[in-house]
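A.B. asks: Supplied in structure tokens, the structure appears directly below.
The values are calculated or read from the model by the stated rules, or taken from the named source; none is laboratory data. Everything numeric in this text was worked out from a predicted model, so none of it was measured. We work out accessible area using only protein heavy atoms, side chains counted, and drop any ligands, DNA or RNA first. Shrake-Rupley method; radii C 1.70, N 1.55, O 1.52, S 1.80 Å.
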Amino acid sequence: MTVGASPNSQLSILKMRRPQNHVTLRRRSQSAATEMQSAIRNRQSAIARRLLLFDIDGTLIHSGGAGVQALKSAFKERFGIADDLHDIEIAGMTDSGIVVSILNKHKIPTINENVSAFLDSYVHFLSLELPRRKGKLLPGVLKLLEKLKSRSHLVLALLTGNVSRGARLKLEHYGVWHFFEFGAFADDHRDRNQLGRFARARAKEKHGREFAASEIDVIGDTPRDIACGKALGARTIAVATGRWSRDELAKYQPDFLIDDLSDVETIIDTLGW
């Protein structure tokens, strides 16, 4: 018979064709998935990656004077001298630079042993002072960090005058240390303007690519943060939440100048984060 086929013969044809159809569908599904993954990668690559380097004191937190008191206590313990440090420049300086200034003031040799001993005591007293002080996260910081951390094209890191142990103590105390992948610290160099290259090198180690200066933002509250960003060739964002006013910061010509970090959505939109 040529017009029709028996139920058995039709079933036989279906049995033979099912594996072929299954393979075809699976190939089509795999192809669609590959195309979708490629499209996602293309979209992600189209979003410019950025390295965001945050200062700590006056930008993310106020420690309630814990750091200054820890310096005073450490100096008294190590060298037996009481000093209120009123004439020592602290804001925007590196911890190691501050220590050298204090030692120079009192004509104490700035050899590595003295600097290291001073910093060890400082970190010890800082751990005691932080819980005693009424410090705080600054406005908008937590919400901003949460938003930024969820964006895969952004790398969050620190560029700070704190020694690494001090930075961790402060940010763990205020619950935001985990937002940052790495940092550049006073351990790396006494000159804050040199810290950018350490941050950049660590970003390359972590992410396998060189971040161009045009892909980097430096966020801080002092003229030294602005100068540090400019030394790196980065975009500079000044935040008037430290002891420097908006008008004072404006004299140093940051690329962006904002009162604080509380208007999270506007900041993200304006800066293209």
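A.B. asks: Work out from phi, with θ = phi - 60° and the Karplus expression 6.51 cos²θ - 1.76 cosθ + 1.60, the ³J(HN,Hα) of each residue of region 52-64, listed in order in whole Hz, and give x for Gly and Pro.
C.D. replies: My calculation for region 52-64 gives 9, 10, 9, 6, 10, 5, x, 10, 9, 9, 10, 8, x Hz in order.
A.B. asks: Aspartates and glutamates within cross-link reach of Lys134: Cα-Cα under 18 Å, excluding same-chain residues under 8 positions apart?
C.D. replies: Those aspartates and glutamates meeting the cut-off are Asp57, Glu172.
A.B. asks: On to the next question. Over what distance in Å are the Cα centres of region 215-255 and region 176-214 separated?
C.D. replies: Between the Cα centre of region 215-255 and that of region 176-214, the gap is 17 Å.
A.B. asks: In whole Hz, with x marking every Gly and Pro, tabulate ³J(HN,Hα) for region 126-138 from phi via Karplus 6.51 cos²θ - 1.76 cosθ + 1.60, θ = phi - 60°.
C.D. replies: 4, 5, 7, 6, 3, x, 7, 9, 8, x, 6, 6, 7
A.B. asks: A further question follows. Quick one: which residues, 5 or more positions from Gly183 or on another chain, have an amide H under 5 Å from its amide H? H modelled 1.01 Å from N in the peptide plane, none for Pro or chain starts.
C.D. replies: Leu158
A.B. asks: Quick one: of Lys107/Lys136; Lys72/Lys206; Lys149/Lys204, which pairs are farther than 30 Å apart, Cα to Cα?
C.D. replies: From the list (Lys107/Lys136; Lys72/Lys206; Lys149/Lys204), the Cα-Cα distance tops 30 Å for Lys107/Lys136; Lys72/Lys206.
A.B. asks: So, one more: Could you order Asp269, Asp55, Asp84 by accessible surface area, starting with the largest, using a probe radius of 1.4 Å? Provide the component values of the computation, followed by the final result.
C.D. replies: Values: Asp269 115, Asp55 10, Asp84 90 Å².
Per-residue accessible area, sorted high to low, gives Asp269, Asp84, Asp55.
A.B. asks: Would you kindly derive the ³J(HN,Hα) couplings of region 119-124 from the backbone phi angles with the Karplus curve 6.51 cos²θ - 1.76 cosθ + 1.60 (θ = phi - 60°), listing them in order in whole Hz, with x for Gly and Pro?
C.D. replies: 5, 4, 5, 4, 4, 4
A.B. asks: Taking all protein chains together and a probe of 1.4 Å, list Thr160, Thr110 from the most accessible to the least accessible. If you can, show how the numbers build up before the last one.
C.D. replies: Details: Thr160 0, Thr110 50 Å².
My answer, sorted largest first, is Thr110, Thr160.
A.B. asks: Here is a follow-up. Please list, in chain and number order, the residues 5+ apart from Gly64 or on another chain whose amide H is under 5 Å from its amide H, with Hs placed from the backbone.
C.D. replies: Lys136
A.B. asks: Hey, which lysines would be in cross-link range of Lys143, C-alpha to C-alpha under 19 Å, not counting anything within fewer than 8 residues on its own chain?
C.D. replies: Lys170
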